[in-house]
1. Is it the case that the stretch 16-35 has a residue that's crowded, with 20+ Cβ neighbours inside 10 Å and touching a Ser or Thr at 6+ places or on another chain (Cβ under 7 Å)?
2. Tally time: how many residues in the stretch 182-202 are more than 10 Å from V301 (Cβ to Cβ) and either at pLDDT 80 or above or not in a loop (DSSP other than H, G, I, E, B) (or both)?
3. Which of the residues that make up the stretch 1-47 are in contact with an Asp or Glu (Cβ under 6 Å, 6 or more places away or on another chain) and farther than 16 Å from A89 by Cα?
4. Might you check whether a residue that is within 28 Å of T150 (Cβ to Cβ) and assigned to a helix (DSSP H, G or I) occurs anywhere in the stretch 59-76?
5. Cβ-Cβ below 7 Å, separation at least six or inter-chain, first residue in the stretch 40-64 and closer than 18 Å to E15 by Cα, second in a helix (DSSP H, G or I) and basic (K, R): which pairs?
6. Would you check if T97 is touching a residue at least 60 places away in the same chain (Cβ under 8 Å), under 30 Å from A428 (Cα atoms) and in a loop (DSSP other than H, G, I, E, B)?
7. Looking only at the stretch 234-275, how many residues end up being farther than 19 Å from S218 by Cβ, out of contact with any helix residue (DSSP H, G or I) (no Cβ under 6 Å at 6 or more places or on another chain) and not acidic (D, E)?
8. Give me the residue from the stretch 93-114 that is under 23 Å from D445 (Cα atoms) and of a type in the set (K, R) and, out of that set, modelled with the highest pLDDT.
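The values are calculated or read from the model by the stated rules, or taken from the named source; none is laboratory data. What you are looking at is a predicted structure, and each value in this text was computed from that prediction instead of being measured. All Cβ positions, even for glycine, are placed from backbone atoms using ideal geometry, and neighbour counts span all protein chains on display.
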Amino acid sequence: MRLEDYWGIGPKTSERLTEALGTERAVEAIESADVRALVDAGLHRGRATRILRRANGESGMDVLATGDARSVYDDLLSLAADAALTAHAADRIRVLTPLLDRDAVEERLDRVVAARDAWAGLDEADREAVADAFAAYDEADGSDLAAVETAVALREAGLTDGPFADVGALDGDRLRDAADALADVRGSIDPAGGLDGDEIEIASGADDELDRLREQLSAARDLADSAFDVLESVRDGSLRDFEALEAATIDHVARETGVEPATVRSASPDEALDAADFVSGTLRDLVAELEAAVDEREAAVAADVRERLGENDSPDESGGDTTLARAATAVSDAAFLLSLGRFAAENGHVRPTLVDDGIAVRGARNPFLGGDVQPVSYGVGSHSLADEPGVASADAPPTGDRVSVLTGANSGGKTTLLETLCAVALLASMGLPVPAEAAEVGTFDRIVFHRRHASFNAGVLESTLKSVVPPLTADGRTLMLVDEFEAITEPGRAADLLNGLVTLTVDRGALGVYVTHLAEDLSPLPDAARIDGIFAEGLTNDLELRVDYQPRFGTIGKSTPEFIVSRLVANAGDRGVRAGFEHLAGAVGEEAVQRTLSDAEWAANDD
């Protein structure tokens with residue numbers, strides 16, 4: 001396959017990848033979603049991520065039918081990547097895409113939920129040990145030794161079955177042998193390519209005999225580089241003949257290098273032109289002999305390393321990979337799954353139930369909000385959350401309605417609820433647990449999430465309709481999550497458009513939640529649609545709006561402007577400004593404003 005056949009790769013990018021990786025390696029990196037390889041080749045991380053998402057899940061990316069849906073998707077994966085235990089695991093998380101195959105979703109849910117439970121089941125010491133092992137693995141840039149040591153740490157923490165069965169299948173004794181062997185090797189070994197004694201360098205301290213030979217070779221080379229100085233050292237007036245000079249040379253070289261005199265003598269030339277020729281010849285031949293001895297010893301130690309690394313293991317079902325290769329793969333996969341499990345465990349995510357038609361949550365939380373967040377229950381379509389033991393029907397959304405029109409107070413959390421439903425649908429589509437006490441989620445071919453826009457002109461109206469209507473009319477299952485149409489055209493026309501969208505949603509068999517302040521202006525809705533409301537309940541003693549974020553089903557929510565005006569009256573420092581706000585209080589209901597101020601004052605005094 002040509003590189004340019006992949007989405008997002010043009011001639012210049014293709015040339016860059018070919019130059020840095022070669023075509024075959026570049027294709028392999030794309031097919032295996034190897035973000036790091038593309039980044040190392042010079043691509044920006046964001047661009048590499050987008051290329052790999054399309055290459056490995058193009059149909060899944062089509063689920064994200066609007067820019068706002070894509071934004072939620074990006075933000076979710078960023079959150080999950082923040083919980084990653086290694087940089088490579090974070091890269092793998094960032095290229096996850098929605099899955100359209102139900103079996104694939106179930107399979108990933110099985111593995112991630114098992115990883116979540118495994119992480120939650122570790123005690124604090126084991127959690128810290130595993131995190132430290134992965135941190136060392138990352139710091140060593142995924143080196144062979146770090147991979148083996150991390151595999152040992154995972155085994156010691158008991159992560160050896162379920163999604164970590166590949167770790168459990170590793171031979172513990174082999175791993176320890178491999179760790180010892182890798183400590184004897186300088187640099188890194190390609191686990192896929194096996195070992196070659198000519199391609200690895202044995203580290204100092206790995207073998208005493210090799211260290212001794214290397215020291216002798218180094219000393220002999222130093223002497224050979226200064227043969228004239230050696231000659232001067234052994235030549236003096238007491239030497240009566242050439243034979244005495246030979247003996248003095250052999251003694252001097254043996255003393256300086258630590259080589260046995262007999263070995264030095266065997267390296268001496270049988271014939272020499274003169275003293276200088278004898279000294280240089282002796283040193284030259286001694287260096288050659290020691291080089292051969294070092295090579296021979298290195299080969300022997302490398303063979304031992306090969307054995308301890310499992311190079312001679314019997315072939316397995318995967319094609320005969322070495323212990324080192326199996327450890328590297330197992331650790332990489334464990335880092336990915338355990339990172340997703342950690343993300344789910346630390347945020348209280350649960351496994352959603354996959355259903356044919358509907359989305360419903362009980363006790364859901366927006367994943368992007370921190371602090372003390374009020375959980376909400378909501379949904380459209382068919383579900384059985386109200387049938388769970390101990391759950392009152394009032395605590396779960398009605399079942400069967402295809403569309404809801406969500407109304408209520410400003411800053412009442414309506415848009416946040418839409419975003420929560422979008423996040424739940426997307427996480428479930430990727431085979432990941434969701435932020436709720438319970439959830440039932442269908443499979444959607446398209447998710448249309450549209451936030452409100454501040455602009456009010458024909459261009460925004462046209463672009464909005466072009467964004468939300470085509471996905472709704474396409475074949476397949478669509479989830480519509482649309483916020484405040486009245487923000488893009490005049491209220492009367494917005495109500496007409498919203499009526500049309502609700503009717504079209506029902507007619508197309510889609511599911512939808514539409515946020516609006518115009519519920520009372522809508523024509524009678526289809527039987528499969530309902531109106532829900534979020535209510536403000538007053539002001540806190542700090543004059544902050546107090547909202548019950550749980551929608552009330554079948555009820556129109558009120559914007560309750562008297563609460564806002566009450567706060568403005570209470571906070572006004574200027575007498576004239578206060579008088580202006582009091583005039584508005586009369587317009588919205590002075591009695592209600594006074595009652596709100598009295599309640600807030602009573603609450604403050606009570607505290």
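1. yes
2. 4
3. Scanning the stretch 1-47 gives a single hit, S14.
4. Yes, that holds for at least one residue.
5. Partner pairs satisfying both residue conditions: A41/R16; G42/R16.
6. Values: touching a residue at least 60 places away in the same chain (Cβ under 8 Å): yes; under 30 Å from A428 (Cα atoms): yes; in a loop (DSSP other than H, G, I, E, B): yes.
Yes, satisfied.
7. 10
8. Going through the qualifying residues, I end up with R108.
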